[in-house]
1. At most 16 other Cβ atoms within 10 Å and a DSSP loop assignment: could you name the chymotrypsin sites (Phe, Trp or Tyr not before Pro) in segment 53-102 that fit?
2. What is the percent carbon and sulfur in the accessible area of segment 29-114, measuring with a 1.4 Å probe over the protein chains and ignoring ligands?
3. Using the Karplus equation 6.51 cos²θ - 1.76 cosθ + 1.60 (θ = phi - 60°), what ³J(HN,Hα) coupling, rounded to whole Hz, does each residue of segment 66-78 give in order, writing x for Gly and Pro?
4. Hey, what's segment 63-116 come to in accessible area per residue, 1.4 Å probe, Å²?
5. How about segment 67-129: which GluC sites (Glu not before Pro) there lie in a loop by DSSP and see at most 13 other Cβ atoms within 10 Å?
6. How much length would be gained if the chain were fully extended between GLU47 and HIS103, taking 0.36 nm per residue of separation minus their Cα-Cα distance, in nm to one decimal?
7. Do any trypsin sites (Lys or Arg not before Pro) in segment 83-116 lie in a loop, going by DSSP, with at most 13 other beta-carbon atoms within 10 Å of their beta carbon, and if so which?
Amino acid sequence: MNRRFFLERITALIGISTVAPAVSAADKQPIELQHSPVAGFQYHHGESLWSRLTPGVPLGLVREPNNPYDPRAVRIEFDGVKIGYVPRAENATIAHLMDSGRHVSASILAVRESSNPWDRIEISLSLNT
């Protein structure tokens, strides 16, 4: 009995496959990276879109490397309209991934009535593999 035959028989008996299963594009799930509020919501067009901002709605992300206030700025858009930014304290990883050509997506997790603009919209940021 040769070694290859022996290994194939043992792995078959204990139910281990020596061949990695193929992974299709449909099997790949986004990897959730973080939850964040929308920074600057009160200064942009979020209020005019309020009735359309609901949980599960996808959002656009746009890198602004030339932003004069934050070179890691990541703008958040709804239907091409700016509603705010990923907070400066939480944007380093997202900016790095986007600069590396990785696709990061965003969607609304929660919408809340609040006088504090930082509590109004919570988003989920995910890495699409």
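1. On the way: sites: TYR69, PHE78, TYR85; in loops: TYR69.
For chymotrypsin sites (Phe, Trp or Tyr not before Pro) across segment 53-102 that sit outside H, G, I, E and B with at most 16 neighbouring Cβ atoms in 10 Å, the list reads TYR69.
2. Numbers: 2510 of 4830 Å².
Its accessible area is 52 percent carbon and sulfur atoms.
3. 9, 4, x, 9, 7, x, 9, 4, 10, 6, 10, 10, 10
4. Working: 3030 Å² over 54 residues.
Value returned for segment 63-116: 56 Å² of accessible area per residue.
5. Working: sites: GLU77, GLU90, GLU113, GLU122; in loops: GLU113.
Here the sparse-neighbourhood loop sites are GLU113.
6. Working: separation 56, 0.36 × 56 = 20.16 nm, distance 2.75 nm.
Net length gain for the segment: 17.4 nm.
7. On the way: sites: ARG88, ARG102, ARG112; in loops: ARG102, ARG112.
Filter output for segment 83-116: ARG102, ARG112.
The values are calculated or read from the model by the stated rules, or taken from the named source; none is laboratory data. Computed from a prediction, not measured in an experiment: that's the story for all the values here. Heads up, the Cβs are rebuilt from the backbone with ideal geometry, glycines too, and the neighbour counts pull from every protein chain shown. Quick note on the areas: whole protein, heavy atoms, side chains included, nothing else; ligands and nucleic acids left out. Shrake-Rupley method; radii C 1.70, N 1.55, O 1.52, S 1.80 Å.
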